[in-house]
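Colleague: Got a structure here, written out as structure tokens. Questions coming.
Derivation of every value follows stated rules applied to the coordinates shown; laboratory data play no part. Everything numeric in this text was worked out from a predicted model, so none of it was measured. Counting neighbours? That spans all protein chains shown, and the Cβs are built from the backbone with ideal geometry, glycine included.
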Amino acid sequence: MIGTVRGVFTLAGAGIAGLLIWLTTQIGTGTTGGYWEVYGIFAAAGLTMALSQLFGGWTKWGWPRISAGVLLIGFLPVLVVGGWILLAGQPDANWFQRHVVSWSGHAGIDGLVNDLREQLAVIAFGIGLVLGFTFDTKGPRGTVAPEPAAEAVEPVEAPPAEPVSEPPPVMQPPAEAPAAEAEREREPAV
């Protein structure tokens, strides 16, 4: 059942993302405003794909929340690097574009930034996708998430017990009769 629901949500997410990507073809990127509009829509398409998995029940069917660890460790570095490249790729040489290109040259990463400026749509889509990955669900309100099922442990049979026997008696020299002892004492020593 969950696979079917998730499949429907994935298809819907892909359809909406495709519509958003087609919409970018209707907007020019020759101006700074059009540029940011187009790449903002690409980011929204990536976000749509991630959210389709969330709402399709991929996680735990609850209220969405932001995972702070994923936001700080996963998303912020992607936003900084992707945003840097998007700023460098702006069509108008404004203050941000000029400074980012200049700083890239000083840092020795200008070749990398220039190569990646040819893939701005993918970078914007990736930023939106990773933003969507920061969301998770806790499960429906008022319920406690079930604990993972413990592995079934088969009882181990103990080996059959050996019959316990009493320890063998300690062998002691036979006790001589008291009369024999007394007789020996009476005999003269030779």
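Colleague: Using θ = phi - 60° and the Karplus curve 6.51 cos²θ - 1.76 cosθ + 1.60, what whole-Hz ³J(HN,Hα) does each residue of segment 77-88 get, with Gly and Pro shown as x?
Modeller: Here the 3J(HN,Hα) series is x, 5, 5, 5, 5, x, x, 4, 5, 5, 5, 5 Hz.
Colleague: Still on this model: Using only the alpha carbons of segment 66-140, determine the length spanned along each of the three principal axes and report them from longest to shortest in whole angstroms.
Modeller: 49, 22, 20
Colleague: Hey, fewest Cβ within 10 Å first, where do 104, 67 land in order?
Modeller: The most exposed by this proxy come first: 67, 104.
Colleague: Tabulate in residue order the Karplus-calculated ³J(HN,Hα) for segment 13-29, using 6.51 cos²θ - 1.76 cosθ + 1.60 with θ = phi - 60°, rounded to whole Hz; enter x for Gly and Pro.
Modeller: Listing the rounded values in order: x, 5, x, 5, 4, x, 5, 5, 5, 4, 4, 5, 6, 8, 10, x, 10 Hz.
Colleague: What are the ³J(HN,Hα) couplings of segment 120-133, residue after residue, when phi is run through the Karplus curve with 6.51, -1.76, 1.60 and θ = phi - 60°? Round to Hz, x for glycine and proline.
Modeller: The phi angles translate into 4, 5, 5, 5, 5, 4, x, 4, x, 4, 5, 4, x, 5 Hz.
Colleague: For segment 1-128, take every pair of Cα atoms, bin their distances at 10 Å starting from 0, and report each bin as a whole percent.
Modeller: 12, 34, 31, 16, 5, 0
Colleague: Can you list the residues, at least 5 places off or on another chain, whose amide H is less than 5 Å from the amide H of residue 135, using H built in the peptide plane?
Modeller: 67
Colleague: Let me ask something else. Dividing the alpha-carbon Rg of segment 46-110 by 2.2 N^0.38 Å yields what?
Modeller: 1.59
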